[in-house]
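Notes to accompany the following structure.
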Amino acid sequence: MPDPASPEVSMETLVALCKRRGFIFPSSEIYGGINGFFDFGPLGAELKKNIRDCWWDDMVRRRDDIVGIETSIIMHPKVWEASGHVAGFTDPLVDCKVSKQRYRADQLFFAQVVVDGQVVGYVSALESERTAEELQEAAESLKRKKAIQGKLAPVEPRDMTEAKPEEIALIPSPATGEPGSLTPPRSFNMMFQTNVGAMSDASSVAYLRPETAQGMFADFKAVVDTGRVKLPFGIAQIGRSFRNEITPRNFIFRSREFEQMEMEYFIHEDADWEKCHRGWIDWCRDWLVSIGLPLSHISEYNHPREKLAFYSRGTTDIMFRYPFGVQELWGIAARGNYDLMQHEKHSGVPQAIFDEASRKKIVPHVIEPAVGVDRIFLAVLCAGYAEEDVKDEKGGVEKRTVLRLSPRIAPVKVAVFPLLKNKPELVVRAQELHGRLKKRYAVFYDESGAIGRRYRRQDEIGTPWCVTIDFDTIEKDGTFTLRERDSMQQKRIGEAELFALLEEKVF
Ligand code: ATP
């Protein structure tokens with residue numbers, strides 16, 4: 001069960017803002033939408049691109065030891081046999097035979113209702129930050145309904161993967177409230193299947209990739225053979241991944257089509273993998289801070305040894321405090337050389353490389369930081385959203401909604417306003433400045449409505465700066481008013497100073 005939620009902003013508020021301002025829409029909404037798929041509107045597409053670009057610049061372009069690639073979404077189906085996804089990329093699924101609802105067994109909780117030491121029934125609830133309370137309330141209500149006297153014991157929640165066979169028929173379905181309709185958990189493979197070519201038989205089955213990582217392993221030798229890399233080095237990629245999640249939820253946090261940014265960092269088999277692993281955890285955390293996520297919302301979770309795959313040496317997740325609880329944002333795994341060895345076995349192509357430093361042929365080990373763009377997108381919105389009481393133009397109090405996005409990722413960097421739209425000299429000057437700025441940055445020109453309203457519109461989409469061209473700009477020294485989003489402070493600056501500010505803050 002997730003930890004208690006962050007109180008700052010509700011998901012309803014965020015979803016409404018995303019729709020109202022064109023960040024995110026449900027996919028194919030005119031047909032009623034399709035669960036687990038989303039579209040990114042004009043501002044969302046910009047924000048997402050900025051997150052990707054920042055990662056690519058910092059992870060690939062600004063480093064000498066990492067190269068970037070782009071591999072195909074549909075790969076040879078043997079890739080997924082070698083990686084273990086065909087056999088093991090499953091989630092436990094429970095069906096409700098009456099409502100036809102499907103649940104992930106590890107997200108469906110139940111508890112015995114115990115009165116005076118006797119089990120008098122079962123209750124169930126879906127995973128949320130209130131699961132335990134909901135089960136307790138349901139237990140109290142069951143006791144009342146059955147008019148049982150005696151002392152109710154505190155409930156002990158378990159998930160459906162822990163249910164004994166004889167308990168399954170006694171646990172009520174969350175959809176109907178009645179027992180008897182839930183099936184025992186069974187494995188459900190989350191890969192989307194398709195067929196390649198005109199024949200749709202078993203020989204043409206292929207999969208939409210459930211992760212981008214296998215592209216880096218499958219192309220490992222091809223990258224090494226192009227000769228630009230020597231250990232330790234990384235191969236990075238950004239791209240779409242697809243998982244047929246049983247219960248997509250929490251908006252874009254868990255969807256069926258999403259985007260990953262993954263990097264495989266190859267190291268010598270004798271290298272200090274723990275130090276390297278720690279180094280990448282720190283790098284990832286610092287990077288999140290560099291795009292504006294507050295440290296106060298970030299924590300680490302070390303997967304317990306007994307729950308790791310047999311080949312895994314250690315996995316640490318960087319967790320983020322979302323409104324629905326503390327959840328995984330970025331996984332950093334030390335995977336030994338399992339993946340390359342698997343591909344060597346299944347393809348018959350040796351994956352060992354000659355390491356100059358040790359004069360040995362080795363199959364390198366790997367550290368893998370893997371993150372979802374959509375989860376970062378949601379995190380920056382959650383952390384950046386604020387509602388504040390501010391003074392309006394007449395001295396009264398009004399509410400402003402502000403998205404405190406880092407200038408690095410804000411969809412619009414600067415909004416340019418002429419003070420009045422019916423003064424051609426102001427409009428021309430503002431449009432000229434807008435034209436020069438947009439050669440380098442995403443900027444927005446707005447001449448409609450009172451200046452205060454124009455500021456509010458930009459605050460709500462996270463624009464860090466607004467500039468207003470007024471009569472002093474034309475009649476005096478060419479300076480204009482720069483208004484800063486978070487402090488709302490204003491000062492006069494010139495064009496060279498504005499470009500210098502952008503150069504420093506937008507990188
Ligand atoms: P979870 O346990 O939340 O399902 P995972 O451990 O299966 O995630 P990985 O396979 O490690 O996730 O994938 C790497 C990253 O990809 C995750 O840390 C997350 O940021 C992102 N990701 C995974 N599944 C989804 C999804 N369904 N929707 C959006 N992002 C996802």
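Placing unit charges on the Cβ atoms only, positive for Lys and Arg and negative for Asp and Glu, gives the chain a dipole magnitude near 780 debye about its Cα centre. Every Cα-Cα pair in the range 381-507 was counted, and those over 19 Å apart are 46% of them. For the pair residue 156 and residue 198, the difference between a 0.36 nm per residue extended length and the Cα-Cα distance amounts to 9.8 nm.
The separation of the range 363-427 from the range 292-318, counted between C-alpha centres, amounts to 29 Å. Report, to the nearest 10°, how far helix 338-347 tilts away from the longest principal axis of the Cα atoms in the chain, using its own Cα long axis and a range of 0 to 90°. For 338-347 against the chain, the angle is about 70 degrees. Overall size of the range 468-507 from C-alpha positions, given as principal axis extents largest first: 33, 21, 10 Å. Taking amide H atoms as placed 1.01 Å from N in the peptide plane, the amide H of residue 445 lies under 5 Å from those of 416, each 5 or more residues away in sequence or on another chain. For the range 110-120, 3J(HN,Hα) computed residue by residue from phi via the Karplus equation (6.51, -1.76, 1.60; θ = phi - 60°) reads 9, 8, 6, 9, 10, 10, 6, x, 9, 7, 10 Hz, glycine and proline entered as x.
May I ask for log10 I(q)/I(0) of the range 1-133 at q = 0.15, 0.20 Å⁻¹, from a Debye sum over the Cα atoms as equal point scatterers with solvent left out? Per q value, in the given order, log10 I(q)/I(0) is -1.26, -1.25. When each of the peptides 381-391, 452-462 is scored by the mean number of other C-beta atoms lying within 10 Å of its residues, the order from highest to lowest reads 452-462, 381-391.
Please state the shape class of the range 149-236: rounded when a/c is under 1.5, otherwise prolate if a/b exceeds b/c and oblate if not, all from the C-alpha gyration tensor. The shape class here is oblate. The Cα-based radius of gyration of the range 90-181, divided by its Kirkwood radius, gives an Rg/Rh of 0.96. Accessible surface of the range 391-453, 1.4 Å probe: 52 percent of it comes from carbon and sulfur atoms.
The amide H of residue 329, built 1.01 Å from its N in the peptide plane, has 318, 319, 320 as neighbours under 5 Å, considering only residues 5 or more places off or on other chains. Any idea what angle helix 495-505 forms with the longest principal axis of the chain, computed on alpha-carbon atoms, 0 to 90 degrees, nearest 10? For helix 495-505, the angle is close to 20 degrees. Relative contact order for the range 1-93: 14 percent, from Cα pairs under 8 Å spaced at least 6 residues apart, divided by residue count. Once each part is reduced to its C-alpha centroid, what is the distance from the range 11-68 to the range 214-277 in angstrom? A separation of 20 Å, based on Cα centres.
Relative to the longest principal axis of the Cα atoms of the chain, helix 451-461 runs at roughly 30 degrees.
Among rounded, prolate and oblate, which fits the range 188-286 when a ≥ b ≥ c are the square roots of the eigenvalues of its C-alpha gyration tensor, a/c under 1.5 means rounded, and a/b larger than b/c means prolate? Please list the in-between numbers first.
Working: a/c = 2.86, a/b = 1.44, b/c = 1.98.
Since a/c reaches 1.5 but b/c is at least a/b, the shape of the range 188-286 is classed as oblate.
Based on the mean of other beta carbon atoms within 10 Å per residue, what is the order of 273-284, 215-226, most packed first?
Numbers: 273-284: 16.5, 215-226: 18.2.
For the peptides 273-284, 215-226, the packing ranking is 215-226, 273-284.
Of all lysines in the structure, those lying under 20 Å Cα to Cα from residue 275, and not within fewer than 8 positions of it along the same chain, are 230. For the listed peptides 193-201, 332-340, 18-26, 396-404, a ranking on the average number of other beta carbons within 10 Å per residue, highest first, reads 332-340, 18-26, 396-404, 193-201. Over the chain, one equal point on each Cα, no solvent: what is log10 I(q)/I(0) by the Debye formula at q = 0.08 Å⁻¹? The computed values of log10 I(q)/I(0) come out as -0.65.
Each Lys and Arg adds +1 at its Cβ and each Asp and Glu adds -1 at its Cβ; summed about the Cα centre, the range 1-97 shows a dipole of about 260 debye. Remark on the range 9-82: hydrodynamic radius 15.5 angstrom, per the Kirkwood mean of 1/r across alpha carbon pairs.
The H on the amide N of residue 233, modeled in the peptide plane, is under 5 Å from the matching H of 266, each at least 5 residues off or on a different chain. Look at the alpha carbon pairs under 8 Å that are at least 6 residues apart: their mean separation over the length of the chain gives a relative contact order of 14 percent.
The values are calculated or read from the model by the stated rules, or taken from the named source; none is laboratory data. The structure presented is a predicted model; accordingly, all values stated were derived computationally and were not measured. All Cβ positions, even for glycine, are placed from backbone atoms using ideal geometry, and neighbour counts span all protein chains on display. Just the protein is used for accessible areas: all its heavy atoms, side chains included, with ligands, DNA and RNA removed. Shrake-Rupley method; radii C 1.70, N 1.55, O 1.52, S 1.80 Å.
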